[in-house]
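Asker: Could you have a look at this structure, given as structure tokens, before my questions?
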Amino acid sequence: MRNGPLFSKFFAPAKVNLTLHVTGQRKDGYHLLDSLVVFADVGDRVAVREAEAMSLDVSGPMAAGVPTDASNLVWQAAALFDRPVAITLSKHLPAAAGIGGGSSDAAATLLAMAELTGEKRLPDGSVELGADVRVCLMRQAARMSGIGEVVEPVGNVPPLHAVLANPRVEVPTPAVFKALETKENKPMSKALPRWQGTKALIDWLAAQRNDLEAPAMAAEPVIAEVIATLRALPQARLARMSGSGATCFALFETRDAAEAAAATLVDTLPGWWVTPATFS
Ligand SMILES: C[C@](O)(CO)[C@H](O)COP(=O)(O)OP(=O)(O)OC[C@H]1O[C@@H](n2ccc(N)nc2=O)[C@H](O)[C@@H]1O
Ligand SMILES: Nc1ncnc2c1ncn2[C@@H]1O[C@H](COP(=O)(O)OP(=O)(O)OP(=O)(O)O)[C@@H](O)[C@H]1O
């Protein structure tokens, strides 16, 4: 005898592209990428409960403007299983922000639905929900290539402490890719180094790129201001945009330095979304 409806919940971590090299473009217009992806200890939360019919409740400090109907990627993910559920989504990440958002929420929903239904394999169409869904399903440091469908785990990534900042402007991913002038750029080195500690990783990252920074900045010039502001923070070692923006990150060698820097930004720029984070 089961006691009460089936229920499952999962964390949806922010997805951060430490690097994002655009190396080509397919005939269908999708761009080929080479990206070192890590996940933050900040994110959304998804819960699903067995119900008579599908429903979605969106709450949390970043819920404004997030769809509450079947256009939400969590609804689309849950609907791939033939089991109606009441979904609750608690939004802590800004949307259209280059840090996974909908894709990470969709991945968390897929995992929650698989647990709730006991399904061992994900339904067809799961990873097609978004180019970032596959890497978000892995939710650990990975090298992502192809258009996002090739995901290779990367071990021994030293801990990175960061500040994430978003000026609360939504940046449409398709437009940023479209505006990228040079589609064939150098990938990262074939073999990634085995970094000996946080400083070695940051030094290596400094020689990598996010090729979408330039088109994103052209679309939203405030992104250049975000990067300059992050770069000027005490003990900030590197600042870069994540994904197609507008969220940018600064890297620090200690969590204390990241938290102190975040507190400074929260004071001086109350209109921005700012949080300390640890990447792994
Ligand atoms: C920028 C990244 O976030 C890096 O992780 C991803 O490549 C984009 O992931 P995403 O936001 O889940 O992207 P999707 O929602 O699947 O695609 C949005 C649009 O971005 C463009 N797009 C996306 C991924 C890719 N490799 N090449 C593209 O050109 C396409 O126009 C696509 O229609
Ligand atoms: N669960 C969701 N959370 C936020 N936005 C969602 C969600 N589902 C659908 N959307 C819609 O998707 C759009 C893109 O939001 P999302 O957070 O996926 O940004 P993104 O820039 O694509 O993230 P990334 O590029 O890092 O994958 C939003 O503007 C919103 O209208």
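Yes or no, residue by residue, for (1) of a type outside the set (A, V, I, L, M, F, W, C); (2) more than 26 Å from Met144 (Cβ to Cβ):
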residue: Leu33; (1), (2): no, no
residue: Gly43; (1), (2): yes, no
residue: Ser71; (1), (2): yes, no
residue: Val85; (1), (2): no, yes
residue: Gly101; (1), (2): yes, no
residue: Leu116; (1), (2): no, yes
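Asker: So if I check each of Val48, Val37, which one is under 23 Å from Val163 (Cβ atoms), β-branched (Val, Ile, Thr) and touching a residue at least 60 places away in the same chain (Cβ under 8 Å)?
Answerer: Working: Val48 fails: under 23 Å from Val163 (Cβ atoms).
When all the criteria are applied, what remains is Val37.
Asker: Are there any strands (runs of 3 or more DSSP E) wholly within the stretch 1-90 with 3 or more residues that are acidic (Asp, Glu), and if so which?
Answerer: Working: elements: 7-17, 21-25, 31-50, 55-59, 85-90.
Where strands (runs of 3 or more DSSP E) fall fully within the stretch 1-90 and carry at least 3 residues being acidic (Asp, Glu), they are 31-50.
Asker: Kindly indicate whether any position in the stretch 93-106 is under 27 Å from Trp272 (Cα atoms), assigned to a strand (DSSP E or B) and within 14 Å of ligand 2 (Cβ to nearest atom).
Answerer: Residues of the stretch 93-106 under 27 Å from Trp272 (Cα atoms): 93-106.
Adding the requirement that they be assigned to a strand (DSSP E or B) leaves none.
No, the stretch 93-106 has no match at all.
Asker: When the stretch 61-80 is examined, which residues are found to be away from ligand 1 (no atom under 16 Å from the Cβ) and of a type in the set (S, T, N, Q)?
Answerer: Selection gives Thr68 alone.
Asker: I'd like to check which helices (runs of 4 or more DSSP H) are fully inside the stretch 155-219 and have at least 2 residues that are of a type in the set (A, V, I, L, M, F, W, C) and closer than 20 Å to Ala95 by Cβ. Quick ask: steps written out before the conclusion?
Answerer: Values: elements: 173-179, 198-205, 213-219.
Qualifying helices (runs of 4 or more DSSP H): 173-179, 213-219.
Asker: What residue, among those in the stretch 48-69 that are within 21 Å of the chain's Cα centre (by Cα) and surrounded by fewer than 19 Cβ atoms within 10 Å (Cβ to Cβ), is nearest to ligand 2 (Cβ to nearest atom)? Outline the logic, then answer.
Answerer: Within the stretch 48-69, the first condition is being within 21 Å of the chain's Cα centre (by Cα), and the residues that meet it are 58-68.
With surrounded by fewer than 19 Cβ atoms within 10 Å (Cβ to Cβ) added as a condition, the list becomes 59-61, 63-65, 67-68.
Values: Ser59: 12, Gly60: 10, Pro61: 13, Ala63: 9, Ala64: 11, Gly65: 7, Pro67: 5, Thr68: 10 Å.
Within the stretch 48-69, the match that is nearest to ligand 2 (Cβ to nearest atom) is Pro67.
Asker: Checking the condition more than 18 Å from Asp34 (Cα to Cα) and either touching a strand residue (DSSP E or B) at 6+ places or on another chain (Cβ under 8 Å) or not charged (D, E, K, R) (or both), which residue from Ala257, Ala207, Ala214 passes?
Answerer: Numbers: Ala207 fails: more than 18 Å from Asp34 (Cα to Cα); Ala214 fails: more than 18 Å from Asp34 (Cα to Cα).
One residue alone meets the criteria, Ala257.
Asker: Something else now. Here's a check for you: in the stretch 98-121, which residue that is more than 17 Å from Asp41 (Cβ to Cβ) and touching a Ser or Thr at 6+ places or on another chain (Cβ under 6 Å) is surrounded by the fewest Cβ atoms within 10 Å (Cβ to Cβ)?
Answerer: Going through the stretch 98-121, the residues more than 17 Å from Asp41 (Cβ to Cβ) turn out to be 98, 102-103, 106, 109-121.
Then keep just the ones that are touching a Ser or Thr at 6+ places or on another chain (Cβ under 6 Å); that gives 98, 110, 112, 115-116.
Working: Gly98: 29, Leu110: 26, Ala112: 25, Glu115: 15, Leu116: 21.
Filtering first and then ranking leaves Glu115.
Asker: In the list Leu110, Leu116, Leu129, Leu201, which residue meets the criterion of being more than 20 Å from Phe249 (Cβ to Cβ), away from ligand 2 (no atom under 12 Å from the Cβ) and in contact (Cβ under 8 Å) with a residue 40 or more places away in the chain? Steps first, answer last, please.
Answerer: Working: Leu110 fails: in contact (Cβ under 8 Å) with a residue 40 or more places away in the chain; Leu129 fails: away from ligand 2 (no atom under 12 Å from the Cβ); Leu201 fails: more than 20 Å from Phe249 (Cβ to Cβ).
From the options Leu110, Leu116, Leu129, Leu201, the qualifying one is Leu116.
Asker: Hey, another quick one. Go through Ala216, Ala191 for me and flag whichever is crowded, with 17+ Cβ neighbours inside 10 Å and modelled with pLDDT of 95 or more.
Answerer: Working: Ala191 fails: crowded, with 17+ Cβ neighbours inside 10 Å.
After applying the criteria, what remains is Ala216.
Asker: Here's a check for you: in the stretch 221-233, which residue that is under 20 Å from Leu201 (Cβ atoms) and either in contact (Cβ under 8 Å) with a residue 60 or more places away in the chain or over 19 Å from the mean Cα position of the chain (by Cα) (or both) is nearest to ligand 2 (Cβ to nearest atom)? Full working, then the answer.
Answerer: Start the filter on the stretch 221-233 by keeping residues that are under 20 Å from Leu201 (Cβ atoms), which leaves 227, 230-231, 233.
In the following step, the residues that additionally are either in contact (Cβ under 8 Å) with a residue 60 or more places away in the chain or over 19 Å from the mean Cα position of the chain (by Cα) (or both) were identified as 230-231, 233.
Values: Leu230: 18, Arg231: 21, Leu233: 23 Å.
Applying the filter and picking the extreme gives Leu230.
Asker: Being modelled with pLDDT of 95 or more, closer than 23 Å to Phe249 by Cα, more than 12 Å from ligand 2 (Cβ to nearest atom) and not acidic (Asp, Glu) narrows it down to one residue among Arg143, Arg139; which is it?
Answerer: Numbers: Arg139 fails: modelled with pLDDT of 95 or more.
The conditions single out Arg143.
Asker: Tyr30 fails exactly one of the following numbered conditions: (1) surrounded by 16 or more Cβ atoms within 10 Å (Cβ to Cβ); (2) within 15 Å of ligand 1 (Cβ to nearest atom); (3) among the hydroxyl-bearing types (Ser, Thr, Tyr). What is the number of that condition?
Answerer: Every listed condition holds for Tyr30 apart from (1).
The values are calculated or read from the model by the stated rules, or taken from the named source; none is laboratory data. Predicted, not measured: the structure shown is a model, and the values here were computed from it. Backbone-built Cβ (ideal geometry, glycine too); neighbour counts: all protein chains shown.
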